[in-house]
Structures are given as structure tokens and as C-alpha cells.
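Student: Got a structure here, written out as C-alpha cells. Questions coming.
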Amino acid sequence: MRAVKVGGSMLKSAKDYLKYAELAVELDAKVVIVSAMKGITDQLLRATEKRDWSIMREVLTRLEEASAELNNSAKEWLEKGEKLFAAYLDDPTPQRLDELLAIGERVSAALMGEAFKIVGVNAVALDGGSAGIITDNNFGNAKPLLSKSVANIRSNVVPYLRDGSLVVVAGFTGTTFDGRTTTMGRGSSDLTATILARALDVDRLYLVTDTEYLMTGDPGTVLDPRPLKYVGLPEADVMAELSVKRFHPLTFKPIIGSKCRVVIGSQPPRGTVVTDELPPPELKIVTFQKGEVTFVGHGARNHAKTLAEELDLPLVEVKRFHLSFRAPYESNSILRRAHELLLKFYN
Ligand code: ASP
Ligand code: MG
């Protein structure tokens, strides 16, 4: 089975929902996970931090516009959103914040569900909790309980699939055992997707995002970054742990040991393929994190010595899939040099 997760950066208006519904059909996906529309989570957070109704109204207006174009399919959640914001201002608890933040994804799932109906596909829209994702009660950064979630997802989602319905799931969201809404942290819609993939024996999961491929370095900083055609799952896992491309640190954990292949990119079926082998080259990316220049790739150990000599920076750590050097100051030029060294593996 195939699944598609559509990132928030791809969802700017109602027509994007129709576009990605069509794409999911072309890719033969039976499960589709969505993030909130672009910028909505940030805006909701800003509205709560500033306790500012005008920001909240902007959010609601944007969502209402999209909903209006898709048969008012998110109306119910939008009315709730307004009440939840008032409730949060009245008593700003982490639990209430999660209820409010979840609106972004719940609206998005409702809109995607409607988009499928419009393109002629029978679909049901669920939030993470009703799909079966159970988390601890660490609101704002809740940890999914994997085996419990897997069992729940099988009993909640499989019946819809058997009936021939496509299932749309709101990313980012889950529920505690006692039914309180949680969110799993920034960027965790991808995690929703990998948990579903694990539970439903998905063999191909497309993570649709705003770049065609994962790159060897940040295009805004390094020169001549190269697209990565293949990345090993342990390498992708380390990239996520390091928050490369703002991946949630747990993103790839649920699919370790499964047969799921993830494809990351804006033009599926093309994109970076995450495989369970360790494909060449030996170093995949270089990134700058918390004062450290970090190379990720299965050749980290083999090349540590040479890289240390060439960079002449103090070595911080060498692990099996990454190694880091302390940068004396935050400098793009160090990162560029490091990337030049990495590019030697690409010729
Ligand atoms: N909407 C959430 C965020 O912006 C979750 C996600 O997009 O993955 O972090
Ligand atoms: Mg993301």
C-alpha cells in the first residue's frame, strides 16, 4: 500500500488541496496525511503568545476562505477554533494550547477529505487521535506510544480501507489514553505518516515537501549543493535527530525494521529515496548545528581523520553515521569549506 503526506508548505489555498488530491490518486495512495496550511501553526502560536485576537482572526479568515471554496467542509472546526482561542486566553494551559494548535491540522484534513470527494474519490477525514495515535500527556511535544498506536490504527483505519474509502489523517495530532488532544512537536506530521506507515504495512510513503530532493547542504549557504538520490535509513534517522531540514527527531524511528520506503521531494514519484541499504556516497550532507559542523553519512568513521586534517577544527564526536567539529565562530565560510570537502565524494 502507498501513502502520501502533504507538507504545509505545499498547501497555500483551496486549489492546492485539489491539486494534491489528484496527485495522491495518481500515486495510488490509500492514506493521505496532511499538515496545517502554510504558516498556520506559526500564526496560531503568535496569536497565543501575543494574546492577539487580530492575528487569530487572520488565521480564521484564511482558513474560512479555503473552506468556502471546498463546500464549507471545515466550518465545524472553525467555529470551535474561535471558542478554543477564547478558552486559551482565559486559562492558558499547555493542554488548551494543543487543542487550539490541532485546529490547523483538523481543518486541513477536512479540506483534503472534501477535495477527494470533488475529484470523485470516496474519503474519510480523521484526526490523529481518531486514527489511533496515542501519546503521553506531554502537551506540545507529546511522545507517541508506538505499539499501542499501531494496534489502534489497525482497528480504527483498516475498516475504512476495506470499505474502499481513502483515509485522510490530520498530522501532528494525537490523544492521551483519556481522550485529551495532544500535539507531537513541530514538524511531527511526518511522524504521523511514518507511524501510519508502520501500522498499515505501507511499502511506499511519499513525503511531499518544498524541495525536489534532499540536498548535500543548505542551498542558501553552500555553493553547488547536490541532490541526494538515495539516503540510507540510519543516515536519514541521524539527519532527523539533528533536525536537518526541520525534521522532527523521531521521524524515521517508526519505520526502522519495516519494509517501508520513504521518498522525499516536491515532484513525486521523483525524490530522495530512503532505503534500508547504505547507498554511496559515504558522506551525504554537511550541516551547521549549535556551533558544530556536522557531516552525516555511513563513512563518517572512515573519513574522520582526513576531514579533521583538512578542516583543522577540533573534533567533537565521531559516531557511526555522523561526525562533528566545533566551529570557533558561526561562520558560513567554514560550512562552505566543509561542503567542498564533501563534494569530493560526488565526483
Ligand atoms: N503544522 C505543524 C508544524 O508546523 C506540524 C507539521 O507541519 O509537521 O510544525
Ligand atoms: Mg515538515
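The values are calculated or read from the model by the stated rules, or taken from the named source; none is laboratory data. Nothing here was measured: the structure is a model prediction, and the numbers come from that model. All Cβ positions, glycine included, derive from the backbone under ideal geometry; neighbour counts span all protein chains shown. Quick note on the areas: whole protein, heavy atoms, side chains included, nothing else; ligands and nucleic acids left out. Shrake-Rupley method; radii C 1.70, N 1.55, O 1.52, S 1.80 Å.
Student: Hey, any hits in segment 122-139 for a residue that's within 16 Å of ligand 2 (Cβ to nearest atom), within 16 Å of the chain's Cα centre (by Cα) and more than 22 Å from ARG2 (Cα to Cα)? Please lay out each step first, then the result.
Tutor: If we filter segment 122-139 for residues that are within 16 Å of ligand 2 (Cβ to nearest atom), which is where we start, we get 128.
Now restrict to residues that are within 16 Å of the chain's Cα centre (by Cα): 128.
Next, from what is left, pick out any that are more than 22 Å from ARG2 (Cα to Cα): none.
No: zero hits.
Student: I'm checking my understanding of the structure. Among residues of segment 12-33 that are more than 15 Å from VAL121 (Cβ to Cβ) and within 16 Å of ligand 2 (Cβ to nearest atom), which one is surrounded by the most Cβ atoms within 10 Å (Cβ to Cβ)? If you could, list the steps in order and put the result at the bottom.
Tutor: Narrowing segment 12-33 to residues more than 15 Å from VAL121 (Cβ to Cβ): 12-16, 33.
Checking the rest, the ones that are also within 16 Å of ligand 2 (Cβ to nearest atom) come to 12, 16, 33.
Working: LYS12: 14, ASP16: 18, ILE33: 34.
Looking at the filtered set, the residue picked out is ILE33.
Student: Quick check: is even one residue across segment 1-11 touching a residue at least 12 places away in the same chain (Cβ under 8 Å), more than 30 Å from ASP163 (Cβ to Cβ), open to solvent by 10 Å² or more (accessible area, probe 1.4 Å) and small (Gly, Ala, Ser)? Walk me through it before giving the result.
Tutor: Restricting attention to segment 1-11, the residues satisfying the condition of being touching a residue at least 12 places away in the same chain (Cβ under 8 Å) are 1-11.
Pick out the ones that are also more than 30 Å from ASP163 (Cβ to Cβ) and you get 9.
Narrowing the set further to residues that are open to solvent by 10 Å² or more (accessible area, probe 1.4 Å) leaves 9.
Add one more test, that the residue is small (Gly, Ala, Ser), and what stays is 9.
Looking for residues that are touching a residue at least 12 places away in the same chain (Cβ under 8 Å), more than 30 Å from ASP163 (Cβ to Cβ), open to solvent by 10 Å² or more (accessible area, probe 1.4 Å) and small (Gly, Ala, Ser), one finds at least one in segment 1-11, hence yes.
Student: Moving to a separate point now. So which of GLU241, GLU309, GLU317 ends up being free of Cβ contacts under 8 Å to residues at least 12 places away in the same chain and under 15 Å from the mean Cα position of the chain (by Cα)? Give the steps one after another, and end with the answer.
Tutor: Working: GLU309 fails: under 15 Å from the mean Cα position of the chain (by Cα); GLU317 fails: under 15 Å from the mean Cα position of the chain (by Cα).
Testing whether each residue is free of Cβ contacts under 8 Å to residues at least 12 places away in the same chain and under 15 Å from the mean Cα position of the chain (by Cα) leaves just GLU241.
Student: Suppose the filter is open to solvent by 20 Å² or more (accessible area, probe 1.4 Å) and either part of a helix (DSSP H, G or I) or of a type in the set (Lys, Arg) (or both); does GLU310 pass it? Spell out the reasoning first.
Tutor: Numbers: open to solvent by 20 Å² or more (accessible area, probe 1.4 Å): yes; either part of a helix (DSSP H, G or I) or of a type in the set (Lys, Arg) (or both): yes.
Criteria met by GLU310.
Student: Take the residues in segment 39-68 that are within 16 Å of ligand 1 (Cβ to nearest atom) and acidic (Asp, Glu); name whichever of them is farthest from PHE85 (Cα to Cα).
Tutor: ASP42
Student: Here is a follow-up. Out of (1) closer than 16 Å to VAL32 by Cβ; (2) in a loop (DSSP other than H, G, I, E, B); (3) within 16 Å of ligand 1 (Cβ to nearest atom), the odd one out for VAL202 is which?
Tutor: So the condition that VAL202 fails would be (3).
Student: Considering each residue of segment 190-219, count those that are farther than 23 Å from LEU343 by Cβ, open to solvent by 10 Å² or more (accessible area, probe 1.4 Å) and either more than 11 Å from ligand 2 (Cβ to nearest atom) or out of contact with any helix residue (DSSP H, G or I) (no Cβ under 9 Å at 6 or more places or on another chain) (or both), and give that number.
Tutor: Of the residues in segment 190-219, 5 are farther than 23 Å from LEU343 by Cβ, open to solvent by 10 Å² or more (accessible area, probe 1.4 Å) and either more than 11 Å from ligand 2 (Cβ to nearest atom) or out of contact with any helix residue (DSSP H, G or I) (no Cβ under 9 Å at 6 or more places or on another chain) (or both).
Student: Which one of LEU250, LEU278 is at negative phi, within 16 Å of ligand 1 (Cβ to nearest atom) and surrounded by fewer than 22 Cβ atoms within 10 Å (Cβ to Cβ)?
Tutor: Every option except LEU250 fails the conditions.
Student: Out of all the residues in segment 220-257, which are out of contact with any Lys or Arg (no Cβ under 8 Å at 6 or more places or on another chain), at pLDDT below 95 and more than 16 Å from ligand 2 (Cβ to nearest atom)?
Tutor: GLY220
Student: I would also like to ask the following. If you go through segment 122-155, how many residues are surrounded by fewer than 21 Cβ atoms within 10 Å (Cβ to Cβ) and assigned to a helix (DSSP H, G or I)?
Tutor: 9
Student: Something else now. Kindly indicate which of SER147, SER130 is polar (S, T, N, Q) and within 21 Å of ALA24 (Cβ to Cβ). Before the answer, list the steps.
Tutor: On the way: SER147 fails: within 21 Å of ALA24 (Cβ to Cβ).
Testing whether each residue is polar (S, T, N, Q) and within 21 Å of ALA24 (Cβ to Cβ) leaves just SER130.
Student: Hey, another quick one. Scan segment 163-183 for residues that are over 21 Å from MET112 (Cα atoms) and in contact with a Leu (Cβ under 9 Å, 6 or more places away or on another chain) and jot them down.
Tutor: Within segment 163-183, just PHE177 meets the criteria.
Student: Going by the conditions given, is LYS259 surrounded by fewer than 22 Cβ atoms within 10 Å (Cβ to Cβ) and more than 29 Å from GLU317 (Cα to Cα)?
Tutor: Numbers: surrounded by fewer than 22 Cβ atoms within 10 Å (Cβ to Cβ): yes; more than 29 Å from GLU317 (Cα to Cα): yes.
Spelling it out, LYS259 is indeed surrounded by fewer than 22 Cβ atoms within 10 Å (Cβ to Cβ) and more than 29 Å from GLU317 (Cα to Cα).
Student: Okay, moving on. Tally time: how many residues in segment 106-121 are touching a strand residue (DSSP E or B) at 6+ places or on another chain (Cβ under 9 Å), open to solvent by 10 Å² or more (accessible area, probe 1.4 Å) and not in a loop (DSSP other than H, G, I, E, B)? Step through it out loud before you land on a result.
Tutor: So the first thing to find is which residues in segment 106-121 are touching a strand residue (DSSP E or B) at 6+ places or on another chain (Cβ under 9 Å), and the list is 106-117, 121.
Those left that are additionally open to solvent by 10 Å² or more (accessible area, probe 1.4 Å): 106, 110, 114, 117, 121.
From what is left, the residues that are not in a loop (DSSP other than H, G, I, E, B) are 106, 110, 114, 117.
The qualifying residues number 4.
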